[in-house]
Amino acid sequence: MEDTQIIELYFARSEDAIAQTANKYGGYLRMIAGSILPGREDRDECVQDTYLRTWETIPPQRPQYFRAWLGCLVRTISISRWRALHAVKRGGGEYALSLEELGECVPASDDTAGVVDRVTLSAVLDRFLAARRPIDRRIFLQRYWYFRPVKQIARDCGVAEGSVKASLHRSRSVLRRMLEEEGIAL
């Protein structure tokens with residue numbers, strides 16, 4: 001079923017909308033949640049929460065890119081769950097390590113200036129990703145969107161771990177420079 005048809009089911013308040021969403025995107029959503037949360041129960045609960053939030057949000061929203069919209073939603077829900085699970089004990093894991101690496105060049109949005117810079121940051125990230133070579137863009141997204149371990153990225157991309165680390169380092173340097181040129185406080 002096409003995304004527009006699924007969205008129309010949500011607008012018609014048909015419960016089949018959730019079934020069609022799960023049928024088409026369930027695996028994709030579980031993969032994103034699973035890259036952040038190691039436990040199957042937590043992952044599955046986040047996917048279910050994504051379906052619920054989608055039901056509550058559509059209408060009035062009408063996502064233009066439904067797959068990407070769902071991906072962002074499950075990612076946000078999964079990150080919130082991860083934070084709640086690790087509030088007392090700050091553990092390791094790829095999520096924490098990835099954020100620590102990216103924290104070198106992406107500003108925190110806790111302050112007012114960070115919130116104001118969010119739109120500019122989004123535009124800079126779009127330009128940054130568009131300017132990267134396809135392999136570097138894939139490596140960057142695998143690490144910082146899907147929170148994949150360097151070893152897995154290397155295996156999936158057919159390159160050495162050192163090449164992945166070097167690509168990530170170069171990408172962070174370029175991103176940091178672009179953000180500084182835009183006047184975004186780091």
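For the reader, a short list of remarks on this structure follows.
- Neighbourhood charge, 14 Å Cβ-Cβ cut-off, centred on residue 41 and excluding it, Lys, Arg +1 and Asp, Glu -1: 0
- Using a probe of 1.4 Å on the protein chains alone, the accessible area found for residue 80 is around 70 Å².
- With DNA, RNA and ligands ignored, accessible area of residue 41 (1.4 Å probe; Å², nearest 10): 150 Å²
- Charge sum, other residues only, whose C-beta stays under 10 Å from residue 138's C-beta, Lys/Arg counted +1 and Asp/Glu -1: +2
The values are calculated or read from the model by the stated rules, or taken from the named source; none is laboratory data. Just so it is clear, the model here is predicted, and its values are computed rather than measured. Quick reminder, even Gly has a Cβ in these numbers, built from the backbone with ideal geometry, and neighbours come from all protein chains shown. Each accessible area value is taken on the protein alone, full model and side chains, heavy atoms only, with ligands, DNA and RNA left out. Shrake-Rupley method; radii C 1.70, N 1.55, O 1.52, S 1.80 Å.
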